[in-house]
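Quick notes on the structure that follows.
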Amino acid sequence: MRISLSLKVAIAIFVASGFGVLLISVLSYTQIRSYIKQNVLTSLESELIEHTKAIEQNLASVKKDVTLLINNENISALYRATSNKYHYDEVTNETLPSLKYKLAQTMKSILEHNDAYFNIRLIDAKGEELVVSVKDAKGKVSIQKETLLQNKANRDYFKKAIQLAENDIYISKIELNREYGKLSIPYIPTIRVALPVYFNNKIFAIIIINANIYKLFLPIKNLIADDKQIYIANQEGYYLYHPNKEKTFGFELNTHDKFTNDFELNKKSYFNKSIAFAYSKMPLTKDRSIFIAITTTDKFLHQQSNGYFKTLIVYIFIITVFIALVSLIVIKILISPIIHLTNKAKEISSADDDATVEFVTSDSSDEIGDLSRSLKTMIKKLEDSKKEVQLQVNERTKELQLLNENLENIVEEKTSENIQQLEILQQQNKMASMGEMIGAIAHQWRQPLNEISISIQNLKYDYEDGLIDDKFLDKFIAQNKKVVHFMSTTIDDFRNFYRIDKTKEIFDAKKAIKNTLSLQMAQLINHNISVFISEESFEIDGYKNEFQQVLLNLINNSKDALIDNNIPNAKIFIDMQDNIISVRDNAGGIDKEIMDRIFEPYFTTKEQGKGTGMGLYMSKIIIEENMDAKLSVHNTEDGVEFRMDFNEK
C-alpha cells in the first residue's frame with residue numbers, strides 16, 4: 001500500500017501534535033489531581049480544627065462543673081460540721097450526715113445530666129472519700145454507701161491534686177478506671193478533673209470528676225462521614241481511641257500498638273497510598289497533651305479525578321481531529337512542488353541509459369527551488385560519474401577473475417596446513433597418553449622389580465650359608481615366576497585398557513572403576529593420595545574401555561592437582577548413586593574465570609609439555625556423544641566435582 005508524502009507529513013504532524021496535547025493533558029491531569037489532593041488535606045485539617053475545638057469545649061465544661069461544685073454551699077457547711085466536735089453546722093442547722101446527703105444529691109444530679117460523667121468524689125486531705133456519687137454501666141446513678149468508701153491517698157491523681165494551689169485545676173492522664181486496685185470491667189477510659197477546696201488558706205479536700213473520654217470526646221464521631229476515621233493517642237503514642245478497640249490502651253494491657261508506629265508525624269497532613277491523614281496535638285496541661293487524627297479514603301479524590309479525566313479525553317479527541325484535518329490541508333498545499341520534483345525523478349530513473357530527460361527547475365526562492373536546482377546539478381554529475389564507474393568496474397572484474405583462478409590453490413594449501421596441524425596435536429595427545437601409560441607401568445613394576453633385585457642379592461648369601469638345595473631352588477623359581485607373572489599381567493591390563501573397542505556392552509560401574517584404579521593405585525599410594533569408593537553400584541550400557549579412559553583422565557587430573565597444590569591429607573572420592581557417578585577431590589577447585597572453558601579442545605591449565613588440552617574435551621565427547629550421558633563440573637567447598645549423569649539420555 002502506497003502512502004503519499006503529504007499524508008505521511010500530515011500523520012507525522014498529527015502524531016507530534018497529539019503527543020504534545022497528550023503531554024499537556026497528562027501534566028494538567030497531574031496538576032489537577034495534586035490540587036484535589038491538597039484540597040482534601042486542607043478540608044481534613046479544617047475539620048480536625050473543628051473537632052479539636054469541640055473536645056476542648058467539652059473538657060472546659062468539666063472544669064466549669066468542678067469549679068461550680070467547690071462553690072456549692074453544702075461544701076462550706078460540710079467543712080464547718082467536720083470542724084465541730086458534735087459534727088453539726090450552726091449556720092445551716094444541719095448535721096454532718098445530712099450535709100453529706102445533700103452534697104451527694106447535688107453530685108447525683110450532675111451525673112444524671114451529663115452522660116460522660118460516671119463518678120464524682122469529695123476526698124479529704126488524708127485521702128478518705130467523704131461523699132461519692134457513681135453511675136453504673138446501665139446509666140443508673142446512686143450514692144456510694146459509707147461502708148464502700150475507699151482511701152485514695154496512694155493514687156497518683158490524689159497525690160498531685162492535693163498539692164495544687166487554690167483555684168488550680170488538675171487534669172489527670174487518660175487511663176482505664178480502677179476500683180479497689182483492679183481494672184473496672186467493662187473497661188472505662190477515664191480522665192479526671194480535680195480542684196482543691198481551701199478554707200482559711202488551708203486545704204480541706206479535693207473535688208474530682210471522673211469522665212468517660214469516649215462519651216466526653218467522641219460525640220464528634222457522629223459528625224464524621226462514613227469514609228472517615230478518628231484516632232486519639234496519648235503523648236507517648238499509645239492509642240486512647242481506635243476503631244479497633246484491641247489496639248487501645250497498650251500501656252495498660254501490655255500490647256504494642258502505637259499511633260506513632262502506624263503514622264508518620266513529620267507532616268501535619270499527607271496522602272499515604274489510598275489514605276489521607278491529618279493530625280493535631282491538643283494540650284491538656286502545660287506538660288501533657290494528646291494526639292487527635294483523622295483519616296479518609298481517596299474515594300473523593302477518585303471521583304473528582306475521574307470526572308476531570310473524562311472531560312479531558314473529550315477535549316483531546318476534538319483537538320486532535322482538528323489538528324489532523326488542518327495539517328492534511330496545509331501540507332497538501334505546501335508539498336505540491338515536491339510532488340512535481342518526484343515525478344521528474346521517476347522519469348529520470350525509468351529512462352534508458354542513453355536517453356535524455358528534460359528537467360525544468362522551479363523558480364521559487366525557497367528550499368524547494370534550491371532542491372530542484374541541486375537535483376539538476378546532481379543529474380549532470382551522475383552522468384559524469386557513470387562513465388568513471390564503468391571504467392573502475394572493468395578493472396575490478398579483471399582483478400576478480402585473476403583472484404578466482406588462484407583461490408582454489410590457496411584453499412588447498414590452507415586445508416593441508418590445518419590437517420597437518422591437527423595430526424600433530426593428535427600425535428601429541430597420543431604421546432601424552434602413552435607417556436602416562438608408561439609412567440603407570442613403571443610405578444606398577446617398581447615393587448616387583450625391587451623384590452626380584454632383593455631376591456637375587458640374597459642368593460649369594462644363601463649360597464655362602466649353604467642354604468641352596470633343590471627345595472630352595474624350587475621355591476626361589478616359584479616366587480620369581482609369580483612376580484614375573486604379575487608384571488606380565490600388568491602389561492596385559494594396560495594393553496586391554498587402551499585397546500580401541502567400539503562394541504557396546506552392559507558392565508558393572510563399580511567393577512570398571514576398581515579396574516581403572518588398579519592401574520593408578522601404585523602412583524596414588526606413592527603420593528599419599530587416599531581414594532574412597534561408595535558401596536553403591538549400577539550397570540551401564542556403553543563402551544567399557546572408553547568409560548575407563550574417561551575415568552582415568554578424571555583421576556589423573558585430580559592426582560596432578562593434589563600434587564601440584566601440595567595438598568596435605570589428599571583425597572579422591574568416587575560416589576555412585578541414582579545412575580550418577582561423581583569424582584571429586586580436595587585440591588582447591590578450578591578458577592571461576594576458566595570454568596566455562598575447560599571442555600574446550602587444546603585448552604589446558606598445566607605447564608607447557610605436561611598437557612595437550614584434549615583430555616577433558618575427548619572425555620566430554622565420549623560421555624555425551626558415545627554413551628548418551630551428561631558430563632558436568634562444579635566447584636565444591638574444598639575442591640572440584642565432575643559428574644557423569646547417565647539419566648540424561
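The table below lists the values:
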read-out: Residue ID - surrounded by the most Cβ atoms within 10 Å (Cβ to Cβ), chosen from residues in segment 244-264 that are farther than 14 Å from Thr295 by Cβ and polar (S, T, N, Q); value: Thr248
read-out: Hey, Leu111 under 60 Å from the mean Cα position of the chain (by Cα) and open to solvent by less than 40 Å² (accessible area, probe 1.4 Å) or not; value: yes
read-out: Sole residue being of a type in the set (Gly, Ala, Ser), modelled with pLDDT of 90 or more and under 60 Å from the mean Cα position of the chain (by Cα), chosen from Ala104, Ala137, Ala116, Ala125; value: Ala116
read-out: Any hit, segment 170-179, residues being open to solvent by 30 Å² or more (accessible area, probe 1.4 Å), farther than 21 Å from Lys215 by Cα and either assigned to a loop (DSSP other than H, G, I, E, B) or touching a strand residue (DSSP E or B) at 6+ places or on another chain (Cβ under 9 Å) (or both); value: no
read-out: Filter result for the condition that a residue is farther than 30 Å from Leu103 by Cβ, touching a strand residue (DSSP E or B) at 6+ places or on another chain (Cβ under 7 Å) and among the basic types (Lys, Arg), over Lys53, Lys37, Lys63; value: Lys37
read-out: Residue tally, condition part of a helix (DSSP H, G or I) and not small (Gly, Ala, Ser), over segment 249-267; value: 7
read-out: Residues being touching a strand residue (DSSP E or B) at 6+ places or on another chain (Cβ under 9 Å) and surrounded by fewer than 19 Cβ atoms within 10 Å (Cβ to Cβ) - total across segment 623-632; value: 5
read-out: Residue selected from segment 578-602 under the condition open to solvent by 60 Å² or more (accessible area, probe 1.4 Å) and without any contact (Cβ under 8 Å) to a residue 24 or more places away in the chain, by the criterion nearest to Ser558 (Cα to Cα); value: Asp591
read-out: Unmet criterion (only one of (1) closer than 30 Å to Asn272 by Cβ; (2) among the aliphatic types (A, V, I, L, M); (3) open to solvent by 70 Å² or more (accessible area, probe 1.4 Å)) for Leu68; value: (1)
read-out: Complete set of residues in segment 513-526 that are without any contact (Cβ under 8 Å) to a residue 60 or more places away in the chain and buried (at least 19 other Cβ atoms within 10 Å of the Cβ); value: Thr516, Leu524
read-out: Pick from segment 477-511, criterion surrounded by 13 or more Cβ atoms within 10 Å (Cβ to Cβ) and modelled with pLDDT of 80 or more, ranking: farthest from Leu551 (Cα to Cα); value: Lys504
read-out: Meets criteria (without any contact (Cβ under 8 Å) to a residue 40 or more places away in the chain, open to solvent by 50 Å² or more (accessible area, probe 1.4 Å) and on the phi > 0 side of the Ramachandran plot) for Gly139; value: no
read-out: Thr42 being modelled with pLDDT of 85 or more and of a type in the set (Ser, Thr, Tyr); value: yes
read-out: Where a residue in segment 151-176 is under 16 Å from Asp287 (Cβ atoms) and its partner, wherever it lies, is of a type outside the set (D, E, K, R) and loosely packed, with under 13 Cβ neighbours inside 10 Å, with Cβ under 6 Å and at least six apart; value: Ile171/Thr285
read-out: Matching option when the condition is modelled with pLDDT of 90 or more and open to solvent by less than 30 Å² (accessible area, probe 1.4 Å), among Ile563, Ile529, Ile533; value: Ile529
read-out: Restricting segment 180-213 to residues that are of a type in the set (Lys, Arg) and either open to solvent by 60 Å² or more (accessible area, probe 1.4 Å) or at pLDDT below 90 (or both), the residue that is nearest to Phe118 (Cα to Cα); value: Lys182
read-out: Considering residues of segment 265-290 that are surrounded by 19 or more Cβ atoms within 10 Å (Cβ to Cβ) and in contact with a helix residue (DSSP H, G or I) (Cβ under 6 Å, 6 or more places away or on another chain) only, the residue farthest from Gln235 (Cα to Cα); value: Ala276
read-out: Answer residue from segment 71-91, given it is of a type in the set (Gly, Ala, Ser) and within 14 Å of Leu103 (Cβ to Cβ) and is surrounded by the fewest Cβ atoms within 10 Å (Cβ to Cβ) among those; value: Ser76
read-out: Some residue of segment 236-243 being in contact (Cβ under 8 Å) with a residue 60 or more places away in the chain, among the acidic types (Asp, Glu) and open to solvent by 20 Å² or more (accessible area, probe 1.4 Å); value: no
read-out: Failed condition for Arg121, given (1) open to solvent by 30 Å² or more (accessible area, probe 1.4 Å); (2) closer than 15 Å to Ile207 by Cα; (3) not aromatic (Phe, Trp, Tyr); value: (1)
read-out: Residues of segment 538-560 satisfying the condition of being open to solvent by less than 50 Å² (accessible area, probe 1.4 Å), of a type outside the set (A, V, I, L, M) and outside any helix (DSSP H, G or I); value: Phe538, Gly542, Tyr543
read-out: Segment 26-80 - residue that is touching a Ser or Thr at 6+ places or on another chain (Cβ under 7 Å) and of a type outside the set (A, V, I, L, M) and, of those, farthest from Ile110 (Cα to Cα); value: Arg33
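Residues are listed down the side, and each one gets a yes or a no for (1) in contact with a strand residue (DSSP E or B) (Cβ under 9 Å, 6 or more places away or on another chain); (2) outside any loop (DSSP other than H, G, I, E, B); (3) in contact (Cβ under 8 Å) with a residue 40 or more places away in the chain:
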site	(1), (2), (3)
Tyr86	yes, no, no
Thr92	no, no, no
Pro97	no, yes, no
Met107	yes, yes, no
Asp115	yes, no, yes
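The values are calculated or read from the model by the stated rules, or taken from the named source; none is laboratory data. Just so it is clear, the structure is predicted and the values come from calculations on it, not from any experiment. Positions of Cβ are backbone-derived with ideal geometry, glycine not excepted, and every protein chain shown enters the neighbour counts. Please note that ligands, DNA and RNA were not included when accessible areas were found on the heavy atoms of the full protein model with its side chains. Shrake-Rupley method; radii C 1.70, N 1.55, O 1.52, S 1.80 Å.
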